[in-house]
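The values are calculated or read from the model by the stated rules, or taken from the named source; none is laboratory data. Fair warning: this is a prediction, and the values are worked out from it, not measured in the lab. Side chains included, ligands, DNA and RNA excluded: accessible areas come from the protein's heavy atoms. Shrake-Rupley method; radii C 1.70, N 1.55, O 1.52, S 1.80 Å.
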Amino acid sequence: MRRRTVTPIFPPPGYNLAIPDWPVEQFMLRIGKGCSDYADKFEKLTEVFDADRIQMKEKGIPPKVRKYIFSIKEQLRRGVLTFEYLERRTSVTIPKKKATKK
């Protein structure tokens, strides 16, 4: 059985991510998907980026929201998403369409 090896990139991209001094509420509102409901669980934005899944679970954040926050953090780390984009973005939550019976 062959194992796939991945050559690590050095230095790792995004580990020196410059986190702006936004309030946590603003960041959570900008990323959307109801994350702003859990903004009061964190004091600083750096606390959001340093928290792991266990710490977020202890704070009472549901799994779907935790996964979404981690995906946004990873996109920011990789450079796919930028804080400049989030700053310009206004969070508009699109309501889900109700299924109609036919």
Exercise. Give me the accessible area per residue for the stretch 13-62, probe 1.4 Å, as a whole number in Å².
Key: 64
Self-check item: Heavy atoms of Lys57: accessible area, 1.4 Å probe, square angstrom to 10
Solution: 140
Quiz item: Once phi is turned into θ = phi - 60°, what whole-Hz ³J(HN,Hα) does the Karplus curve with 6.51, -1.76 and 1.60 give for every residue of the stretch 38-46, x standing for Gly and Pro?
Solution: 10, 5, 6, 6, 10, 8, 10, 5, 5
Quiz item: What ³J(HN,Hα) values, in whole Hz, does the Karplus curve 6.51 cos²θ - 1.76 cosθ + 1.60 give for the stretch 77-85 when θ = phi - 60°, with x put for Gly and Pro?
Solution: 5, 7, x, 5, 10, 10, 5, 5, 5
Exercise. Return the sequence-ordered ³J(HN,Hα) values of the stretch 59-71 in whole Hz as given by the Karplus equation 6.51 cos²θ - 1.76 cosθ + 1.60 applied to θ = phi - 60°, using x for Gly and Pro.
Key: 7, x, 8, x, x, 5, 5, 4, 4, 5, 5, 5, 5
